[in-house]
Structures are given as structure tokens and as C-alpha cells.
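In what follows, a structure is listed as C-alpha cells, so that the remarks can point back to it.
The values are calculated or read from the model by the stated rules, or taken from the named source; none is laboratory data. Predicted model, so just to flag it, every value in this text is computed and none were measured. Here the Cβ is made from the backbone with ideal geometry for all residues, glycine too, and neighbour counts use every protein chain on show. Just so you know, the surface numbers come from the protein's heavy atoms only, side chains and all, with ligands and any DNA or RNA stripped out. Shrake-Rupley method; radii C 1.70, N 1.55, O 1.52, S 1.80 Å.
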Amino acid sequence: MTRPTKADLAAAAEVTLPDVIGSDLRVLFVGINPGLYSAATGHHFARPGNRFWPALHRSGFTDHQLDPAQQMSLLDVGLGITNIVSRASARADELSAAELVAGGEALAAKAARWRPRWVAVVGMTAYRTAYRRPKATVGPQDHLLGASRVWVLPNPSGLNAHYTPVTLAAAFAELRAVAG
């Protein structure tokens, strides 16, 4: 995968990424929104240093570490990816609370349509805002999106210093243990 240039990144602002989604998913992973790097490359969690793909593998969801360009192969193992907010931005803190709430409503509709067993929101602060649940913690939640159970995972960004690669993979592994 060719690294995007500064011009590519600037042009990616407001771009949306297509979902990696289908029927019969075990888990639909939900990012906050695409970063400019992901939007420029067309692949979810594509920025070097993002720990989503290593955590997915180390937790046992995949038998080898996938490259972001292989994202469509997730469907073969019953996994998918979408975002709470579809538009790309340089940083998640550029999103308004209203955008997150509207994105949460759109995600609920998507979950009702596709009916994954689990919806795993990858980012606790975004989840808290989108669903007005300020005390939510990492792990299973007490509400459904459509018929789907909800699980909150830590943000895999390299900027999330609260989780190391090992503890992030362990958090993903807890979900994998119940999701199969």
C-alpha cells in the first residue's frame, strides 16, 4: 500500500469509507470515524501505528495479521467494520456531540438491518456520547442495537496510552471468547 501524500490527506477530508458489512456477522466492529489516512487509502484503521489489526489477530479473531488492504476478507470469518460517523477528519475530537448522537442512531438502524450478533464500538468516549451513557465502561453493555448485543472496546489508536498492545489484545480477546 502506497503511503498517501500531504495532498492526498488534505483531499481526504470529509471522504467516507464504504462499510465492510454483510449478513450473519459474529461481530461488527465500529470505529469512531475514518481518519484522513484511512480515507485517503480507502481502508479502515489504515494509519501506521493503529493497533486494530494486531489486536484482532492477537485476540484470536483472525489466524494471521491482516493488512488494512485485506479488510474485505473479514467477511469470510464473520466480521465487519463500520463507523459511528462516516465522514473523515484529522482527529476524532473534531466531531460534535450532535454528529456522534446522529451517528449512533444511524448505527442502530444499520444493526437492525444487518443483525450482527455483536456490535463492538471501538472507542469508549465516542460510545458514551453517541448513546448518552456517560458511565459506560469497556465490556458488554446493558442495551441492544436492534437485536445485537453491544460491547465497548478501547480505542486502538496508537495515541491511546492507557492500553498497551498486550492489554488491548486482551480486551479484544474477552469479546472473542463470547462472540465465538
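For the range 102-149, the relative contact order is 53 percent, taking Cα pairs closer than 8 Å that sit 6 or more residues apart in sequence and dividing their mean separation by the residue count.
Extension gain for Asp19 to Gln65 (0.36 nm times residue separation, less C-alpha to C-alpha distance): 14.6 nm. Around the amide H of Ser157, modelled in the peptide plane, lie the amide H atoms of Arg51, all under 5 Å away and 5 or more residues distant in sequence or on another chain. Karplus-based coupling profile of the range 71-82, in residue order and whole Hz: 4, 5, 5, 4, 4, 5, 10, x, 10, x, 9, 8, with θ = phi - 60° in 6.51 cos²θ - 1.76 cosθ + 1.60 and x standing for Gly or Pro. Taking the average, over residues, of other Cβ atoms within 10 Å as the packing measure, peptides 152-164, 31-43, 65-77 rank 31-43, 152-164, 65-77 from highest down. The spacing between the range 32-96 and the range 98-146, judged by their C-alpha centroids, is 17 Å. Here Rg/Rh (Cα atoms, Kirkwood Rh) was calculated from the structure, and among [x] 1.07; [y] 0.97; [z] 0.93 it sits at label [z].
Only DSSP H runs of four or more residues enter the estimate; each adds -39500 (n - 2.57), and after division by the residues of the chain the mean residue ellipticity at 222 nm equals -9500 deg cm²/dmol. For the chain, the solvent-accessible area works out to 48 Å² per residue, with a probe of 1.4 Å and every protein chain left in place.
Each of Ala10 and Thr164 was given a label point 7 Å from its Cα along the Cα-to-Cβ line. The distance between the two points is 4.1 nm. In the range 27-180, Cα pairs under 8 Å separated by at least six residues give a relative contact order of 30 percent. Assuming R0 = 35 Å, what is the FRET efficiency of Ser96 and Thr137, from their Cβ-Cβ distance, to the nearest 0.05? The value I calculate is 0.90. Relative to the Cα centre, the charge distribution of the range 51-108, modelled as +1 at Lys and Arg Cβ and -1 at Asp and Glu Cβ, gives a dipole magnitude of about 140 debye.
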